[in-house]
Amino acid sequence: MTLRHLALIQTLLVSTAAMAEGPTGLAAHPAAAAFVSRMEAEHGFEREALIAALARASYQDKALRLIAPPKQRTKRAVRSWTGYRARFVEPIRIRAGLAFWDAHRATLERAEQRYGVPSEVILGIIGVETVYGRITGSFPLLDALATLAFDYPPRATLFRKELENLFLLARENGRAVGSYTGSYAGAIGFPQFLPSSIRRYAVDFDHDGLVDLERSEADAIGSVAHYLAEHGWRSGERVADPVSLPAHADIDAMLATGIEPRLDRATLADAGLALPRGIERATLIDLESPGKPTEYWLGYRNFYVLTRYNRSSFYAMSVFQLAQALREAHIASRQVASSDTD
């Protein structure tokens, strides 16, 4: 008898007791019935098992508070690139990133060779997301996702999809659906993948027969590299460059083209800007900080790929700059080590 069969038997036993007492927990939520019916019809789940799992899930009011945008934007809440950057490109993450690099150098090199994503970029993602596994979240995933799926109308469709994928992920791995923990928004493990991303992009990079982003650094490294490669990472190409805009540049028109690189060489030349050799299109990135001049950068295809992980130019630039800082520190540490052995 497999672990999957044992888990199903246990769930069915609990469900019998739960149904005898009537729905409890989030199974009693009015939106739960439609979710259960759809999972039963579309994916062949046992109705009783679904009800039992949701009956053991608790409402997470804290998840709703954390996911909701501020009602009123105050001065302290105004977006600031310098403030945002300081949270992620800082000594703790750089030291932890170097240690993680030293501990997993061979795995990072293997991921870089296979997927074309530089080691420092993989490290930048994991560093920004969880400080290399130190902060992965302690919310019960079933509770958080069910709460958001049933009671957060602005993004209910997204969270119903992730709740659905959490059940599918658990079934595919022979694991109890209530055993997952992560962020209040449903993200899991070192790289903070949502359940749908785990099912689509995560890889068994340590070849142990399991995909485990919560405990396997190798799986996390390979999965981040695979995710970026699948979204179009171009090996060897630049990510972004700072620029100074001439007075005649139509900044608003360039920003209006969006985050995807659409500004061609001729358009940028008219604005007094030049693209590096081998790059044909860019986007203009504005990094604003209250009371300071706005930083402008040209972002290329690889910058756009970083925004597919988190659709924020602040996020992508923090990953890029943390990666740069790690690369420079890594080179410096190897030079010191080399001089010590001479």
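When residue 316 is tested against (1) outside any strand (DSSP E or B); (2) at pLDDT 95 or above; (3) loosely packed, with under 15 Cβ neighbours inside 10 Å, just one condition goes unmet, and that condition is (3).
So, in the range 99-118, of the ones that are crowded, with 18+ Cβ neighbours inside 10 Å and either under 13 Å from residue 218 (Cβ atoms) or of a type in the set (A, V, I, L, M) (or both), which residue ends up nearest to the chain's Cα centre (by Cα)?
Restricting to residues being crowded, with 18+ Cβ neighbours inside 10 Å and either under 13 Å from residue 218 (Cβ atoms) or of a type in the set (A, V, I, L, M) (or both), the top hit is 117.
Any residue at all in the range 320-335 that's part of a loop (DSSP other than H, G, I, E, B), within 29 Å of residue 96 (Cα to Cα) and modelled with pLDDT under 95?
no
Return yes when residue 121 is part of a helix (DSSP H, G or I), at pLDDT 95 or above, of a type in the set (Val, Ile, Thr) and within 24 Å of residue 238 (Cα to Cα) and no when it is not. Against the criterion (part of a helix (DSSP H, G or I), at pLDDT 95 or above, of a type in the set (Val, Ile, Thr) and within 24 Å of residue 238 (Cα to Cα)), residue 121 qualifies. Looking across 136, 82, one residue alone is in a helix (DSSP H, G or I) and polar (S, T, N, Q). It is 82.
Looking only at residues in the range 295-309 that are part of a strand (DSSP E or B) and of a type outside the set (Phe, Trp, Tyr), which one is farthest from residue 232 (Cα to Cα)? By that ranking, first place goes to 295.
The values are calculated or read from the model by the stated rules, or taken from the named source; none is laboratory data. Since we're looking at a predicted model, the values are computed, not measured. Virtual Cβ from ideal backbone geometry, glycine too; neighbours counted across all protein chains shown.
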